[in-house]
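Peer 1: Before I ask anything, let me first share the structure, which is written out below as structure tokens.
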Amino acid sequence: MKDTPTAANNGGLEDHPIQPLGSAGQAARLQSVPAAPSDSEPAMGASAVRRTFTFTSSVTGEKVTATCMPGCTVDHEADSNTPEHPHDIYCNIPGTAGELPLYGPLCDTGSPEDFRFLSWQIESRPFSGRPAERLPFVAIEAIDDHYIEYLDPDTLETVISRLQKQVDSLREAHAQLVNVRTAYLNPPAVAA
């Protein structure tokens, strides 16, 4: 059902304690949080229209209504047609998918291969056990299936600032590499 990766195998959503059926917190936990603090400003290129859909909870057997975050592109028809665990419900707005042609030890073929690089998407998980995941967040795919996830706006700004500093440092490394290679390939004449 889910096309987007999660941290499920590494301290992810499935590792959170689940309250027993019929507990007082069960109903509160199944209430989704609005996916955006304000409906007045949809995501870039997103519609302000908020879709709703109903699914049957595989935990309680009850019908639950969920509201998508503005701009969600997930077709929730499959969620509506089959019982779902509430934690498996997610919304997604795809971002740009960067590619980086690399070769060397990362490649299986010995020739350059394209790796997804610094791709991003906006997600929300309206029934997550972690309240912060109920609000839209960014997931950055650093490189093929290695993610920096659950970034709120302030944390994303911190990541952007750090990336900019690293880009500046990599420009210095590039200039130094050019100089070192030039010196290596053109050694000075050695006096006998």
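Peer 1: Return the loop-located chymotrypsin sites (Phe, Trp or Tyr not before Pro) in the stretch 62-121 (DSSP other than H, G, I, E, B) with at most 11 other Cβ atoms within 10 Å of their own Cβ; answer none if there are none. Before the final figure, lay out each step's value.
Peer 2: Working: sites: Tyr90, Tyr103, Phe115, Phe117, Trp120; in loops: Tyr90, Tyr103.
Of the chymotrypsin sites (Phe, Trp or Tyr not before Pro), the ones in loops of the stretch 62-121 whose Cβ has at most 11 other Cβ atoms within 10 Å are Tyr103.
Peer 1: Now a separate question. Any chance you could look up the accessible area of His146 with a 1.4 Å probe, heavy atoms only, rounded to 10 Å²?
Peer 2: Result for His146: roughly 120 Å² accessible.
Peer 1: Then there's this: Heavy atoms of the protein only, probe of 1.4 Å, neighbouring chains included. What is the accessible area of Ile143 in Å², nearest 10?
Peer 2: 50 Å²
Peer 1: So what is the relative contact order for the stretch 41-157, in percent, with contacts set as C-alpha pairs under 8 Å and at least six apart? It would help to have the intermediate numbers written out before the result.
Peer 2: Values: 230 pairs, mean separation 20.2, N = 117.
RCO, the stretch 41-157: 17 percent.
Peer 1: For Asp79, tell me the accessible area in Å² from a 1.4 Å probe, rounded to the nearest 10.
Peer 2: Looks like 10 Å² after rounding.
Peer 1: Based only on the alpha carbon positions, what is the Kirkwood hydrodynamic radius of the stretch 84-152, in angstrom?
Peer 2: Taking the inverse mean of 1/r over all distinct Cα pairs, the stretch 84-152 comes out at 13.4 Å.
Peer 1: Show Tyr184, Tyr147 ordered by accessible area, largest first, where the area counts protein heavy atoms only and the probe is 1.4 Å.
Peer 2: I get Tyr184, Tyr147, largest accessible area first.
Peer 1: Fully extended, how many nm does the chain gain between Ser58 and Leu185 (0.36 nm per residue separation, minus their Cα-Cα distance)?
Peer 2: Values: separation 127, 0.36 × 127 = 45.72 nm, distance 6.60 nm.
Gain on stretching Ser58 to Leu185: 39.1 nm.
Peer 1: So between Leu102 and Ala142, what do we pick up on full extension, going 0.36 nm a residue minus the alpha carbon distance?
Peer 2: Stretched out fully, the Leu102 to Ala142 stretch lengthens by 13.0 nm.
Peer 1: Rounded to the nearest 0.05, what FRET efficiency is calculated for Arg51 and Ser161 with R0 set to 30 Å and r the Cβ-Cβ distance?
Peer 2: 0.30
Peer 1: Collect residues whose amide H, placed 1.01 Å from N in the peptide plane, falls under 5 Å from the amide H of Glu99; neighbours closer than 5 in sequence don't count.
Peer 2: For Glu99, whose amide H was placed from the backbone, the distant partners under 5 Å are Phe117.
Peer 1: Would you mind working out the accessible area per residue for the stretch 109-181, using a 1.4 Å probe, and quoting it in Å²?
Peer 2: 65 Å²
Peer 1: Quick query: amide H of Val74 versus all other amide H atoms, modeled in the peptide plane; which residues come in under 5 Å with a sequence gap of 5 or more or a different chain?
Peer 2: Those qualifying (amide H under 5 Å, at least 5 residues apart or on another chain) are Asn92.
The values are calculated or read from the model by the stated rules, or taken from the named source; none is laboratory data. Quick caveat: nothing in here was measured; it's all calculated off a predicted structure. Neighbour counts run over all protein chains shown; Cβ positions are idealised from the backbone, glycine included. With ligands, DNA and RNA removed, areas are computed over all heavy atoms of the protein, side chains included. Shrake-Rupley method; radii C 1.70, N 1.55, O 1.52, S 1.80 Å.
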